[in-house]
1. If all Cα-Cα distances of the range 214-356 are sorted into 5 Å bins from 0 onward, what percent lands in each bin, rounded to whole numbers?
2. Work out the charge dipole of the range 8-353 with +1 on the Cβ of Lys and Arg and -1 on the Cβ of Asp and Glu about the Cα centre, then indicate which of 113, 84, 326 is farthest towards its positive end.
3. What percent do you get for the relative contact order of the chain when only Cα pairs under 8 Å and 6+ apart count?
4. Pairing the Cα long axis of helix 175-199 with the longest principal axis of the chain, what angle in degrees results, from 0 to 90 and rounded to the nearest 10?
5. Using alpha carbons only, how many degrees (0 to 90, rounded to 10) separate the axis of helix 122-135 from the longest principal axis of the chain?
6. Quick check on the range 13-83: what does the Kirkwood estimate of hydrodynamic radius come out to from the alpha carbon pairs, in Å?
7. Cα axis of helix 301-315 to longest principal axis of the chain: angle in degrees, 0 to 90, nearest 10?
8. For the range 277-306 and the range 72-119, what is the separation of their C-alpha centers, rounded to whole Å?
Amino acid sequence: MPSLQNDRLLRALLRQPVDRTPIWLMRQAGRYLPEYRETRRRAGSFLALCKDPALATEVTLQPIARFGLDAAILFSDILTVPDAMGLGLYFVEGEGPKFERPLRSEWEIRNLSAPDPTVELAYVLDAVRQIRRALDGSVPLIGFSGSPWTLACYMVEGGASEDYRTVKTLLYTRPDLMHRILEVTTQAVIDYLNAQIEAGAQAVMLFDSWGGVLAEEAFKTFSLPYLARIVSGLRREAEGRIVPSIVFTKGGGVWLEDLASIGADAVGLDWTMDIGRARTLVGDRVALQGNLDPAILFAPPDVVVREACKVLEAFGHGSGHVFNLGHGISQHTPPEHVAALVHAVQTESVKYHQKA
């Protein structure tokens, strides 16, 4: 593999000195980009796009080419793992992901097993390898997975949910079955992320998108320990470098110190918490990623720049900050506003990394 020309992301995740704050965006390859919409049209469907390594490579690189971001993130979906478990993933226009065979019966849960990612998810690993070749050492590639709890929400509910009634009922009435799902899914995620690292991912991220819907005791029983187990099971080095890990729980600011203690290199923040306060709470235990409200990108570019500067100022001087949004970018975001954000972060952050 060629040497990495821009390693700001990897250095910042490890709290090493950088010349400016690196920036990438959750869901940076997506429907807000006209070039993405054209590639998706050629693919025929979102799932077909995910499962075609050449097209997945194409859309992964589109925001890098357009904005000059500091990292690429693998184009895929968190639900590829339960799909590989045989639940039958499909997408309904306007409704999002659905499963043909959600986990409802005890025997289905008892029979659940972790897939072999080199077989059932080989198309993802092929995409990782193709993306690395295409990036040619320009910026690092981030691999990712959904967290066990977040995946379990979809696996039990059968799709997105407004109240998580089915999965929470299972959690409280049959915690043994809930733990069974989480145990199997945890092993699946460890295997999957390590396979991505083996294929070329240079950092990995865990999306605990629905961790914030849990009560505190439930979060500390059904999400946090499984996140910790995954982090401890990850391959730590590849190609002579440390492979940093990022954990992101949407709505998880109240558990920030717990999340900072599980062994990950960085914790992602949503937009509900001041990043300066977060830095005070975690000290030098982890780097922080975030945390501009994605809705700010609907405002005029001068407002976007002003709000981005507020985030930089709140974090303050020194390394350990990866600029990102507090959640995924909206499909309705004007691309020129994203360009203004990236330029602002890349220019205005320099002063926070200069020695006094």
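1. Computed distribution, short to long bins: 2, 9, 18, 18, 18, 15, 11, 6, 1, 0.
2. It is 326, whose Cα lies furthest towards the positive end.
3. 22
4. Tilt relative to the chain: about 50 degrees.
5. Between helix and principal axis, roughly 10 degrees.
6. On the way: mean 1/r = 0.0752 Å⁻¹.
The answer is 13.3 Å.
7. Approximately 80 degrees, to the nearest 10.
8. Here the answer is 32 Å between Cα centres.
Since every read-out is calculated from the coordinates, none of them should be taken as a lab result. Computed from a predicted model, the values in this text were never measured in an experiment. Methodologically, a virtual Cβ is constructed for each residue, glycine included, from the backbone with ideal geometry; neighbour enumeration extends over all protein chains shown.
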